Amino acid sequence: AVVSTQSTGKKAQLVVIAHDVDPIELVVWMPALCRKMNIPYCIVKGKARLGQVVHKKTAAVLAITSVKAEDKNALNNLVSSVTTNYNDRFDEIRKTWGGGK
């Protein structure tokens, strides 16, 4: 609920989704919401690894809303890479995953 509120409020600069969330229904709608709100997102391996970022055992989703001034350049580079590899290639990736033409 917090991530969706952040996403719909246009405050998230990047959304990171774990690939191994169970049940998957918890996050399956997140990429569509991020695309609709024009928020960069990526899917990474391991909810345990995401949990380490926030000092918890696991985390299904992270919404990065702000970073320290000295980390802004690194975040901008990451957002640029994610946008190029995920968001801008959505149609191409969707055809590969779904097997459609």
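Values quoted throughout were computed directly from the atomic coordinates according to the rules given, and no laboratory measurement underlies them. Computed from a prediction, not measured in an experiment: that's the story for all the values here. Glycine gets a Cβ as well: all are built from the backbone with ideal geometry, and neighbour counts include every protein chain shown.
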Quickly rank 12-25, 69-82, 50-63 as a protection proxy: mean count of other C-beta atoms within 10 Å, highest first. 12-25, 50-63, 69-82
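List the chymotrypsin sites (Phe, Trp or Tyr not before Pro) in the range 23-91 that DSSP assigns to loop (not H, G, I, E or B) and whose Cβ has at most 15 other Cβ atoms within 10 Å. Which are they? Walk me through the numbers on the way to the answer.
Details: sites: W29, Y41, Y86, F90; in loops: W29.
Of the chymotrypsin sites (Phe, Trp or Tyr not before Pro), the ones in loops of the range 23-91 whose Cβ has at most 15 other Cβ atoms within 10 Å are W29.
Estimate the FRET efficiency between D88 and K68 by the formula 1/(1 + (r/R0)^6), using the beta-carbon distance for r and 22 Å for R0, to the nearest 0.05.
Numbers: r = 27 Å, r/R0 = 1.25.
It comes out at approximately 0.20.
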